[in-house]
Amino acid sequence: MGKRLVALLLVALLALVHAQLWFGRGGVRNVESLRRQLDAQTAANAQAQLANQRLESEVRDLKEGQEMIEERARAELGMVKPNEIYVQVAKDPASAPKP
């Protein structure tokens, strides 16, 4: 009877440890969830780093050269240089394609 009780106790402890491994804090499911979160965050960080590099490059260009400032002023504000004539060609509404 004593050996059976010890064997049952050991099986119960093994089941408890096994349950903790699969369902407890730090278990397989939790680790896999954290791994997925880490992968998603790593991808988001990579995208943010690329955006930061583009912005750093743009800031460097703005600090160093007038060409970038001119390009932005022309594109965003419609500015022209002195002694420069700006001509805007309007399309004839009758020749526009009909939907």
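The values are calculated or read from the model by the stated rules, or taken from the named source; none is laboratory data. What you are looking at is a predicted structure, and each value in this text was computed from that prediction instead of being measured. Using ideal geometry, Cβ is built from the backbone for each residue, glycine included, and neighbour counts are taken over all protein chains shown.
Worth pointing out:
- Boolean, L10 is assigned to a helix (DSSP H, G or I), at pLDDT 80 or above and surrounded by 10 or more Cβ atoms within 10 Å (Cβ to Cβ): yes
- Considering (1) surrounded by 10 or more Cβ atoms within 10 Å (Cβ to Cβ); (2) at pLDDT below 75, the lone condition that V87 does not fulfil carries the number (1).
- Search result, residues across the range 55-65 that are surrounded by 10 or more Cβ atoms within 10 Å (Cβ to Cβ) and either at pLDDT 95 or above or in a helix (DSSP H, G or I) (or both): L55, E56, S57, E58, V59, R60, D61, L62
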